[in-house]
Amino acid sequence: MSLTYITLATDRKMPLVGLGTWKSSPGQVKTAVSYALEIGYRHIDCASGYSNEHEIGEALHEKIQTKKSIKREDIFITSKLWNTKHHPDDVEPACRKTLADLQVDYLDLYLMHWPMAFERGNIMMPINEDGSVRYADTDYKDTWKAMEKLVEKGWVKALGLSNFNARQIDDLLSTVTYRPVVNQIECHPYLNQSKLVDHCTKRRIVVTAYSPLGSSDRPWARPDDPKLLEDPRILQIAKKYGKSPAQVIIRWQLQREVVCIPKSTTPSRIKENIEVFDFILSEEDMQQIDSFDCNGRLIVPTIVVSLNTINSTDMILIANPHTGNNTPINAVGAQVILILTHSGLICHFQNQENKMHL
């Protein structure tokens, strides 16, 4: 594969490698974006939920408007609608703010960041006193209808999804006017998502891999968690090709026709991550990396609801983010932890006799 881009269902071209900006700190992200654009990146992945779009906008304005070194139409810019803005009345103002922060007139791609809606407002993670998230009952199909109006206004060239599973994708496809062209998901050798990638491909939905290198700097990482970039099997393959472990992993994704958006604010790594078009992994090495899959999901932030043991008189209600309904659960003797995942909210009871997933 020598192409540096993939063609979306809308016939627009999307660069196969982009710069991710999640966890890029203020004061660093502007420099990172500027450097990436200088060395040839033409795909920047953003999100209002990352709280750094205003600084990315400064870099874009400098390159496009001030120095005029790059044309706007030559940069593929993605952003995402955050969970607190799912209400149809909030979608247009949220997009307008992203456009203002990024200092551009349109987005090449606008994604629904997660399928579940949080309580409306400007608090990014609205939580109750007990630590539980305050959800809203807005259906993602209603949110999508509001997002489609952004295409009609010319503010957005294409729409897509993020963190949607197969069932949610098909549910949405049953009602859309403008089909999603991308699903951005966690994807790396420990979680190759082959079934979901195949599901998307059959529906002409391109998969973008976030945290493609294992996101070792994720805030909830534990010291004993496996580090993908230090996996001896990856190191062996990298040595064979004279490449870095990161380059091998990114190349593996590209040969699967999966777009990659590795995040870095280190110039040498930013440069390294895009230098992946001068070698090809053998079929044997592709299959070997495929075999590393262990359903090793890494992006699973945990929200503790209660550390108190549930007593015999308690009946708890857990909000199902897909239906908006409350589900009564009798969980005597359990400690409850809520986990926000790609497919919704998992309710996990600490004692193994009382364990249930929603």
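The values are calculated or read from the model by the stated rules, or taken from the named source; none is laboratory data. Please read all numbers here as calculations on a predicted model, not as lab measurements. So basically every Cβ, Gly included, is an ideal-geometry build from the backbone, and we count neighbours across all protein chains shown. Surface accessibility is based on the protein's heavy atoms, side chains included, excluding ligands, DNA and RNA. Shrake-Rupley method; radii C 1.70, N 1.55, O 1.52, S 1.80 Å.
Each row is one residue, and each column tells you yes or no for (1) more than 14 Å from the chain's Cα centre (by Cα); (2) at pLDDT 95 or above; (3) buried (at least 23 other Cβ atoms within 10 Å of the Cβ); (4) within 30 Å of residue 127 (Cα to Cα).
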| site | (1), (2), (3), (4) |
| --- | --- |
| 70 | yes, yes, no, no |
| 80 | no, yes, yes, yes |
| 84 | yes, yes, no, yes |
| 87 | yes, yes, no, yes |
| 90 | yes, yes, no, yes |
| 105 | yes, yes, no, no |
| 109 | no, yes, yes, yes |
| 112 | no, yes, yes, yes |
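Could you check, for segment 38-55, whether at least one of its residues is among the basic types (Lys, Arg), in a loop (DSSP other than H, G, I, E, B) and at negative phi? The answer is yes, given that some residue of segment 38-55 is among the basic types (Lys, Arg), in a loop (DSSP other than H, G, I, E, B) and at negative phi. Scanning segment 65-88 for residues that are in contact (Cβ under 8 Å) with a residue 24 or more places away in the chain and assigned to a helix (DSSP H, G or I) yields 65, 72, 74, 83, 84, 85, 88.
Test residue 74 against the stated conditions and say whether it is out of contact with any strand residue (DSSP E or B) (no Cβ under 6 Å at 6 or more places or on another chain) and crowded, with 17+ Cβ neighbours inside 10 Å. The answer is no for residue 74.
Of the residues making up segment 231-264, those that are of a type outside the set (A, V, I, L, M) and either surrounded by 23 or more Cβ atoms within 10 Å (Cβ to Cβ) or under 23 Å from the mean Cα position of the chain (by Cα) (or both) are 245, 247, 251, 252, 253, 255, 256, 257, 260, 262, 263, 264. Among the residues of segment 168-199, the ones that are in a loop (DSSP other than H, G, I, E, B) and open to solvent by 10 Å² or more (accessible area, probe 1.4 Å) come to 9 in all.
Evaluating residue 116 against the criteria (1) more than 18 Å from residue 158 (Cα to Cα); (2) open to solvent by 30 Å² or more (accessible area, probe 1.4 Å) leaves one unmet condition, (2).
Check segment 233-244 and report whether any residue there is part of a loop (DSSP other than H, G, I, E, B) and at pLDDT below 95. No - not one qualifying residue is present in segment 233-244.
Please determine whether any residue of segment 148-155 is in contact with a strand residue (DSSP E or B) (Cβ under 6 Å, 6 or more places away or on another chain), more than 20 Å from residue 50 (Cα to Cα) and open to solvent by less than 40 Å² (accessible area, probe 1.4 Å). Yes. Counting only residues that are crowded, with 21+ Cβ neighbours inside 10 Å and in contact with a helix residue (DSSP H, G or I) (Cβ under 6 Å, 6 or more places away or on another chain), which one in segment 5-22 is farthest from residue 277 (Cα to Cα)? Top of the filtered list is 21. Give the residues of segment 23-42 that are at pLDDT 95 or above, open to solvent by 60 Å² or more (accessible area, probe 1.4 Å) and more than 23 Å from residue 278 (Cα to Cα), sorted by residue number. Listed by number, the residues that qualify are 30, 31.
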